[in-house]
Amino acid sequence: MVSASEFRLGVINERTDKPDHALTQFSALHRYLERELTPHGIGPVKLVIADDINEMANHIGNARVDALIEGVMPTLVIKRRSVELEPTLLVWRKGQRQYHTVFFVRSDSGINSLEQLRGKSIAFEAPRSTSAYFVPRAELLAAGIPLGADEERNLPSDSVRYVFADSEINQAYWVHRGRTDAGAFNNGDWDRLPTGIRKDLKIIHRTRPVVRWLFSFTPKVEMSVRQAVVEALLEAHTNDLGRKALQEAARIKQLERLNDQDRENLNYWSTVLEKSQ
């Protein structure tokens, strides 16, 4: 069992080009948790930062992390690698409780469906993105459309070739400028696109919704620690320090307990992920 004197929160760095990005992003939440947990005899609170999903899976598998705050698909990927994780709280991020992926193309492309993407190219965001990689990849495979990385050789002629653009705005720019035929990210990113770009693009497909982000515990965390952490996070949006910490940590609005419908949603996407591997 994890000692009640320590709590280690795991996060994955979103910006591979900026090694300190996650530290800057989650420092305020780290300080908030230390303030809230110290009266319960819990401390120190440590922030464990991984560069990618594989590194975080290793940290959790080797008992170096007690909880993870991440998107749905990275969380489910880690769970599938025989690493025990228990999704406990739903995280509202960028004002969204849930979202869905939109596939988009240039309005003048003549492409109107996923089927017409065969033999074309698509820009994803990054390998750890739920809505801009895992979900659209799974959707294409479920439609019977093969895909592979752009640099792969000997792909079937009807394959969709994909590249990573590193950010949602880059995805949109690349499609707008004809660098790729299509892009895919969440509906919130679509709504935030500059009007000058969005007016030349169109959505050709929308996926089923997926919950926004998750806060998950490893099963060895003592119940007293778990309860104190959950209480602190559920109340964070009700006080100034907590709201500031959440806003800096990936623009989180609030956290709430997962309900039965949320868990059904996670089960659905877990099945989709398994079929797409």
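Failed condition for Ile42, given (1) touching a residue at least 12 places away in the same chain (Cβ under 8 Å); (2) closer than 26 Å to Val210 by Cα; (3) not charged (D, E, K, R), with all others met?
If we test Ile42 against (1) touching a residue at least 12 places away in the same chain (Cβ under 8 Å); (2) closer than 26 Å to Val210 by Cα; (3) not charged (D, E, K, R), just (2) comes out false.
Rundown of residues vs (1) closer than 26 Å to Lys275 by Cα; (2) at pLDDT below 95; (3) part of a helix (DSSP H, G or I); (4) in contact with a strand residue (DSSP E or B) (Cβ under 8 Å, 6 or more places away or on another chain), yes/no style:
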{"position": "Leu23", "(1), (2), (3), (4)": "no, yes, yes, yes"}
{"position": "Tyr32", "(1), (2), (3), (4)": "no, no, yes, no"}
{"position": "Gly43", "(1), (2), (3), (4)": "no, yes, no, yes"}
{"position": "Asn54", "(1), (2), (3), (4)": "yes, yes, yes, no"}
{"position": "Val65", "(1), (2), (3), (4)": "no, no, no, yes"}
{"position": "Leu68", "(1), (2), (3), (4)": "yes, no, no, yes"}
{"position": "Pro74", "(1), (2), (3), (4)": "yes, yes, yes, yes"}
{"position": "Ile78", "(1), (2), (3), (4)": "yes, yes, yes, yes"}
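Checking the condition buried (at least 21 other Cβ atoms within 10 Å of the Cβ) and either outside any loop (DSSP other than H, G, I, E, B) or over 21 Å from the mean Cα position of the chain (by Cα) (or both), which residue from Leu155, Leu241, Leu246 passes? Write out each step before concluding.
Working: Leu155 fails: buried (at least 21 other Cβ atoms within 10 Å of the Cβ); Leu241 fails: buried (at least 21 other Cβ atoms within 10 Å of the Cβ).
That would be Leu246, the only listed residue that is buried (at least 21 other Cβ atoms within 10 Å of the Cβ) and either outside any loop (DSSP other than H, G, I, E, B) or over 21 Å from the mean Cα position of the chain (by Cα) (or both).
Would you point out which residue out of Arg208, Arg177, Arg243 is over 21 Å from His30 (Cα atoms) and free of Cβ contacts under 8 Å to residues at least 40 places away in the same chain?
On the way: Arg208 fails: free of Cβ contacts under 8 Å to residues at least 40 places away in the same chain; Arg243 fails: over 21 Å from His30 (Cα atoms).
Criteria check complete, one pass: Arg177.
Does at least one position in the range 133-148 carry a residue that is buried (at least 21 other Cβ atoms within 10 Å of the Cβ), touching a Gly at 6+ places or on another chain (Cβ under 7 Å) and either free of Cβ contacts under 8 Å to residues at least 12 places away in the same chain or under 21 Å from Leu193 (Cβ atoms) (or both)?
Taking every residue of the range 133-148 in turn, none turns out to be buried (at least 21 other Cβ atoms within 10 Å of the Cβ), touching a Gly at 6+ places or on another chain (Cβ under 7 Å) and either free of Cβ contacts under 8 Å to residues at least 12 places away in the same chain or under 21 Å from Leu193 (Cβ atoms) (or both).
List the residue pairs whose Cβ atoms are under 7 Å apart, where the first residue sits in the range 260-274 and is farther than 10 Å from Ala138 by Cα, the second is among the hydrophobic types (A, V, I, L, M, F, W, C) and assigned to a helix (DSSP H, G or I), and the two are 6 or more positions apart or on different chains.
Partner pairs satisfying both residue conditions: Leu266/Val72; Ser270/Leu76.
Which numbered condition trips up Leu214, out of (1) surrounded by fewer than 21 Cβ atoms within 10 Å (Cβ to Cβ); (2) within 25 Å of Ala138 (Cα to Cα); (3) not β-branched (Val, Ile, Thr)?
Leu214 satisfies every listed condition except (1).
The values are calculated or read from the model by the stated rules, or taken from the named source; none is laboratory data. This one's a predicted model, so the numbers in the text were calculated from it and none came from an experiment. We place every Cβ from the backbone using ideal geometry, glycine too, and count neighbours over all the protein chains shown.
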